[in-house]
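Notes follow the structure.
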Amino acid sequence: MESSARTVAELVAAGWGDHRPGLWCEERTLTHHEMAAGAAARAALLADLLPPDAEPHIGVLLDNTPEYPLWLGAAALAGAAVAGINPTRRGPELARDILHTDCRIVLTDRTRLPLLTGLDLPGIRLLCTDTQEYDDLLAPYADARPDSTRATPSHRLLLYFTSGSTGAPKAAVCTQGRLAAAGHSLAGHFGVGRDDVHYICMPMFHGNAVIADWAPALAAGAGVALRRRFSASGFLADVRRYGATYFTYVGRAVQYILATEERPDDRDNPLRLGFGTEAGAVDAAAFERRFGVRLVEGYGSSEGGAAVQWTPETPAGAVGPATPGLVVLDPETGQECPAALFDSTGRLLNGEEAIGELVNRGPNPFEGYWRNPEADAARLRDGAYWTGDLFCRDADGYLYFAGRTDDRIRVDSENLAAAMIENILARYEGADAVAVYAVPDPVTGDQVMAALSGTFEPDDFARFLAAQPDLGTKMAPRFVRVVQRMPVTATNKIHRARLRKEGVHCADPVWWRPAGEDAYRRLTPADIEAAIEEGPLAPTRGPASGGVGGGAPTTRGAAAQ
């Protein structure tokens with residue numbers, strides 16, 4: 001059967017009779033057969049618990065424990081869907097996520113149960129997976145066998161929440177057919193086989209862990225090792241303990257691992273590949289030098305509407321080649337942006353016209369948001385899928401990521417892309433992590449602000465900026481916030497909305513360059529009081545302003561030097 005026609009239910013059922021180790025978590029090991037049997041038992045229980053007139057949706061509020069993939073498998077066999085519940089949400093927001101996705105059952109454990117205490121969740125049954133009551137509930141179904149015939153490729157399997165930085169999080173739909181196809185595609189692309197072990201340390205309520213890590217392991221019959229919650233200090237020990245060969249990451253995870261103490265035997269590990277986003281060229285190169293493991297930076301919209309895959313011919317700094325249908329459009333005119341032109345230093349010469357929004361005009365597997373037609377309409381326009389991400393495309397068809405549309409910065413009518421400035425600032429020797437964002441200025445439109453964790457020396461930083469040949473005159477940060485630890489979301493992505501909202505009004509030290517000066521000095525309350533009426537030091541009340549598009553000089557591979 002073609003992989004596009006397969007269901008996740010079939011992949012789960014395929015584990016029946018396979019007595020190789022299939023899942024490791026702490027001291028517990030389950031075979032592929034035990035995983036299939038456990039999913040079948042939970043599917044049978046689910047069929048008896050769900051009211052006949054209810055949407056077949058279950059909420060899962062758990063860390064990465066064996067119950068998570070067991071219930072994913074159970075939902076697949078039962079033709080049901082799992083809504084991954086973000087444990088960092090609280091109170092009414094948490095209740096809203098559960099109610100919005102029409103969950104009639106919520107799986108949790110005693111660690112997370114207090115989050116649900118006192119919430120108004122009418123008609124919802126809670127199952128606590130680490131209690132005797134739960135074991136007793138499952139016991140009558142112990143002899144169930146997996147039956148994949150109840151599921152079709154069009155059955156919903158995942159309802160996973162995307163970013164809620166500009167409103168309530170949206171629940172993207174992923175069907176069994178799409179998830180199975182993604183698993184087969186990634187397994188084939190990366191050569192994943194039955195003897196591989198996938199290390200899942202990113203949270204399973206997020207699409208990355210399920211789509212890019214669990215699904216290809218399931219498609220290939222590979223093993224899975226779970227980490228309850230990501231731990232940089234425990235990463236290498238886990239990899240060695242479980243014989244992990246593949247892992248995925250998002251956000252700052254790679255930086256946290258690199259920040260651990262180096263050891264002479266760091267390269268003594270079984271890993272062969274890491275796949276993810278937002279590590280950056282500098283950290284990817286450092287990771288390969290230290291651990292002997294190549295990181296592949298990919299791009300894929302959370303909703304599945306567009307994807308770019310790295311190939312061996314991809315130039316340094318690029319994400320990968322544009323497949324048919326992928327174009328970079330000016331969001332105001334809808335016209336295709338001209339090819340990006342680079343000089344000998346790797347600086348983008350025509351960013352103002354070359355940077356636009358990545359749009360998929362070809363077939364795409366976007367399956368919409370749950371009960372959110374307004375969000376659907378914002379993504380799909382005239383049959384094309386608009387990603388909300390900034391890119392440029394060179395003359396050879398390779399795509400370069402320029403940031404999210406929310407990250408746009410407009411200084412003196414010139415559009416800058418935050419990701420491109422970050423690639424340059426990441427070269428600063430004292431920087432462990434960098435985030436770039438806008439603070440509003442009624443005169444210039446925006447000013448560039450950077451948050452930096454690590455070691456910051458103002459004069460050294462100014463000299464560093466002056467030495468970067470690809471740093472445009474408007475790109476140098478006016479403000480630098482020095483943080484002990486970069487604020488991140490539950491998925492280890494930089495919490496840019498919080499940084500933009502706080503601006504210079506934060507507890508961390510902020511350094512700045514007054515107009516007409518090259519040197520940085522400490523921002524004081526007197527500076528703020530004197531300038532607050534003039535704009536750049538005024539508190540923000542929402543996302544930074546700025547136009548869409550780009551004029552940011554960027555580098556093609558220079559960040560990896």
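Derivation of every value follows stated rules applied to the coordinates shown; laboratory data play no part. If you're wondering where the values come from, they're calculated on a predicted model, not measured in any experiment. A quick note on method: Cβ atoms are made from the backbone with ideal geometry, for glycine too, and the neighbour counts reach across all protein chains shown.
Given 20 °C and 1.002 mPa s, compute D for the range 274-380 with the Stokes-Einstein relation, Rh being the Kirkwood radius over Cα pairs; round to the nearest whole µm²/s.
Working: Rh = 16.1 Å.
So the translational diffusion coefficient is about 133 µm²/s.
Taking the alpha-carbon set of the chain, what are its Rg and Dmax in Å?
24.1, 76
Tell me, what is the percent relative contact order of the chain, built from C-alpha pairs under 8 Å that lie six or more residues apart?
Values: 1271 pairs, mean separation 64.1, N = 561.
Across the chain, relative contact order equals 11 percent.
What is the dipole size for the range 440-514, taken about its Cα centre, with +1 at each Lys and Arg Cβ and -1 at each Asp and Glu Cβ, in debye to the nearest 20? All intermediate terms of the calculation are to be shown ahead of the outcome.
Working: 11 positive and 8 negative charges, 69 e Å.
Dipole about the Cα centre, nearest 20: 340 debye.
Each label point is 7 Å from the Cα along the Cα-to-Cβ direction; what then is the distance between the points at A316 and R194, in nm?
About 4.1 nm separates the two model spin labels.
Report the one residue of L499, A384, V8 whose Cα lies farthest in the direction of the positive end of the charge dipole of the chain (charges on C-beta: Lys and Arg +1, Asp and Glu -1; origin at the Cα centre).
V8
Would you work out the charge dipole size for the range 67-112 about its Cα centre, treating the Cβ of every Lys and Arg as +1 and the Cβ of every Asp and Glu as -1, and quote it to the nearest 20 debye?
140
Using +1 at the C-beta of Lys and Arg and -1 at the C-beta of Asp and Glu, which of L107, F461, A284 has the Cα lying farthest in the positive direction of the dipole of the chain?
L107
Using +1 at the Cβ of each Lys and Arg and -1 at the Cβ of each Asp and Glu in the chain, identify which of L271, L186, P66 lies farthest towards the dipole's positive end.
Result: P66.
Multiplying the sequence separation of T260 and L119 by 0.36 nm and subtracting their Cα-Cα distance, what value in nm do you get? It would help to have the intermediate numbers written out before the result.
Values: separation 141, 0.36 × 141 = 50.76 nm, distance 3.93 nm.
Length gained between T260 and L119: 46.8 nm.
Take T152 and R96, extend 7 Å from each Cα along the Cα→Cβ direction, and tell me the distance between the two endpoints in nm.
3.5
Tell me, K501, K474 in order of fewest to most beta-carbon neighbours within 10 Å?
Numbers: K501 18, K474 22.
So the ranking, lowest neighbour count to highest, is K501, K474.
What is the order of D102, D120, fewest Cβ neighbours within 10 Å to most?
So the ranking, lowest neighbour count to highest, is D120, D102.
With +1 on each Lys and Arg Cβ and -1 on each Asp and Glu Cβ, how big is the dipole of the chain about its Cα centre, in debye rounded to the nearest 20?
Details: 54 positive and 72 negative charges, 124 e Å.
Once rounded to the nearest 20, the dipole reads 600 debye.
Per 0.36 nm of contour for each residue apart, how much would the distance between E55 and R267 grow if the chain were fully extended, relative to their Cα-Cα spacing? Show your work: numbers first, answer last.
Working: separation 212, 0.36 × 212 = 76.32 nm, distance 4.88 nm.
Result: 71.4 nm gained on full extension.
Need the full-extension length gain, D376 to A467, defined as separation in residues times 0.36 nm minus the C-alpha distance. One decimal, nm.
Values: separation 91, 0.36 × 91 = 32.76 nm, distance 4.53 nm.
Extra length from D376 to A467 when fully extended: 28.2 nm.
Can you give me the angle between helix 176-190 and the longest principal axis of the chain, using Cα atoms only, in degrees from 0 to 90, rounded to the nearest 10?
Long axis of 176-190 versus the principal axis of the chain: about 60 degrees.
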